[in-house]
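Heads up: the structure comes next, in structure tokens.
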Amino acid sequence: MNLEQAKAKLEKYGQMQVLRYYDELDDAQKEALLAQIDATDMSIQENCAHQEELGKRGVISPLTCMEIPEIEAGREEFDRIGLEAIKAGKVAALLLAGGMGTRLGSDDPKGMYNVGKTRDLYIFECLFNNLREVTDRAGAFVHIYIMTSEKNNDATVRFLKENNYFGYPESHVHFFMQDMAAATDYNGKIYLEEKGRMATSPNGNGGWFISLVNAGLLDNVHANGIEWFNVFAVDNVLQRIADPVFVGATIAKNCTVGSKVVRKAAPDEKVGVICLEDGKPSIVEYYDLTEDLMNAKNEKGDPAYNFGVILNYLFSTAQLEKILNGALPLHIVEKKIPCLDENGNLFKPETPNGYKYENLVLDMIHQCDSCLPFEVVREREFAPIKNKTGVDSVESAQALLEKNGVIL
Ligand code: UTP
């Protein structure tokens, strides 16, 4: 793209501020900026003007969950089916580690955070330890695909290599990078993070399968005979990965996706709730859950929307390939975005200063044919690290790890 073409594109989308320092750049920087302008989808920023429309929902109704008593009754059978699939190499783990972890406030990838007290214990290490429990039992390694982003890929790969993947075989670890999206101020104007570079952030965790395909890994997936992907977040240190009972239950119930869920602590708890939307499985974010839905009861008299998702899903590969080209809704998320200030100096805000644009994995559930919500015990499987202190923090996760017998 040459300068004239770049100007035409920026003018069309009202983003001419991107060229503010163009004349100060050297030739290489100019070329890099023009290439970035060329590659950036600027149409998404236009959504700022009509955000309400993005949140429009279909008709919500309850989706029956497999609750703990039913799981216990079927445990042996589910475990057998799941373990068989794992031994046969049909199950892969998919670690979402492309996020910026801005709330935690560390410059390193979140997985490098050390949660140990008397020894080193990194978040990545907790996850590999959890996975090892299953692979030791199965006597077979599970392929793990790790999604990083441009911002944290090098640091992530280096750290895991240096630590020998915490004892996991390198042959079973695969990395790929997700795409980036431009970040803007509250008026949808793209920020600069350098004089010759627009501010970008990872485009959400919803593009993981497309990114995996774009990275050329689908042949590898097929060659490895992978029929299921257990997708999970980097920041839940109690995460059960490739849990045979969950895998077995999803297969036994003939569902194309399974979702681990926890019973809500209160009707207004801030978790996405699993349900049906226009008759298809879906997840309604807590801010979209109306008072009526919050207080609705099912035929047993229990709250009808009582199970929240914990970002641990099992997708069938066949289903993923079927929905590959389906567009996901866009989420506009308020975040802290490092950017140039009025004087052209880099400024790292302490509070949110604009928007990032993301697709979310939870919206993939609505594209799937059938979903099994699978209840787990919160204290055993859900210890997310989002913040430095308080709710969902390093401290709360440490307490839960200790409660589950992990020595810190
Ligand atoms: P979060 O929604 O907590 O986002 O990610 P985050 O970027 O890690 O943290 P904050 O909001 O800036 O504090 C949930 C999971 O999805 C992954 C994260 O790495 C985490 O495992 N994720 C998020 C991606 O892989 N890519 C993204 O673009 C966003």
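Quick notes on this structure:
- Met1-Tyr287 FRET efficiency (beta carbon distance; Förster radius 41 Å; 0.05 resolution): 0.60
- Helix-only arithmetic for the chain: the sum of -39500 (n - 2.57) across DSSP H runs with n ≥ 4, divided by the residue total, places the mean residue ellipticity at 222 nm at -8500 deg cm²/dmol.
- Long-range HN-HN contacts of Asp179 with modeled amide H, under 5 Å: Asn203
- Protection proxy ranking of 269-280, 395-406, by the mean of other Cβ atoms within 10 Å over each peptide's residues and highest first, is 269-280, 395-406.
- Solvent-accessible surface of region 310-405, averaged per residue with a 1.4 angstrom probe and all protein chains in place: 46 square angstrom.
- Length-normalised contact order for the chain - Cα pairs under 8 Å, 6+ apart - percent: 23
- Taking the alpha carbon gyration tensor of region 283-408, multiplying each eigenvalue by 5 and rooting it gives semi-axes of 31, 25, 18 Å, largest first.
- In the full protein context, region 8-151 carries 51 Å² of accessible surface per residue, based on a 1.4 Å probe and ignoring ligands, DNA and RNA.
- FRET E, pair Lys348, Ala155, Förster distance 25 Å, beta-carbon r, rounded to 0.05: 0.90
- Placing +1 on the Cβ of every Lys and Arg and -1 on the Cβ of every Asp and Glu, with nothing else charged, gives region 1-132 a dipole about its Cα centre of roughly 340 debye.
- Selected from Leu238, Val134, Ile323, residue furthest toward positive end of dipole (the chain; charges at beta carbon): Val134
- Selection from Ala32, Thr118, Ala93 lying farthest towards where the dipole of region 1-149 points positive, charges on Cβ: Thr118
- Cross-link pairs beyond the 29 Å C-alpha cut-off, checked among Lys161/Lys264; Lys9/Lys356; Lys12/Lys335; Lys264/Lys388; Lys9/Lys151; Lys56/Lys270: Lys161/Lys264
- Carbon and sulfur %, accessible surface of the chain computed with the full protein complex present, 1.4 Å: 48
- Charge dipole (Cα centre; +1 on Lys/Arg Cβ, -1 on Asp/Glu Cβ; no other charges) of the chain amounts to roughly 620 debye.
- Degrees between helix 394-403 axis and first principal axis of the chain (Cα, 0 to 90, nearest 10): 20
- Under-5 Å amide H pairs with Ser370, H placed in peptide plane, nonlocal only: Thr256, Val257
- Region 111-185: relative contact order as a whole-number percent, Cα under 8 Å and 6+ apart: 32
- Each Cα pair under 8 Å and six or more residues apart adds its separation to the average, and for region 242-371 the resulting relative contact order is 30 percent.
- Straight Cα distances below 19 angstrom link Lys297 to the aspartates and glutamates Glu67, Asp268, Glu269, Glu277, Asp278, Glu285, Asp288, Glu375, with same-chain residues fewer than 8 positions distant left out.
The values are calculated or read from the model by the stated rules, or taken from the named source; none is laboratory data. None of the values given here were measured: they were computed from a predicted structure. Cβ sites come from the backbone with ideal geometry, for glycine too, and all protein chains shown count toward neighbours. With ligands, DNA and RNA removed, areas are computed over all heavy atoms of the protein, side chains included. Shrake-Rupley method; radii C 1.70, N 1.55, O 1.52, S 1.80 Å.
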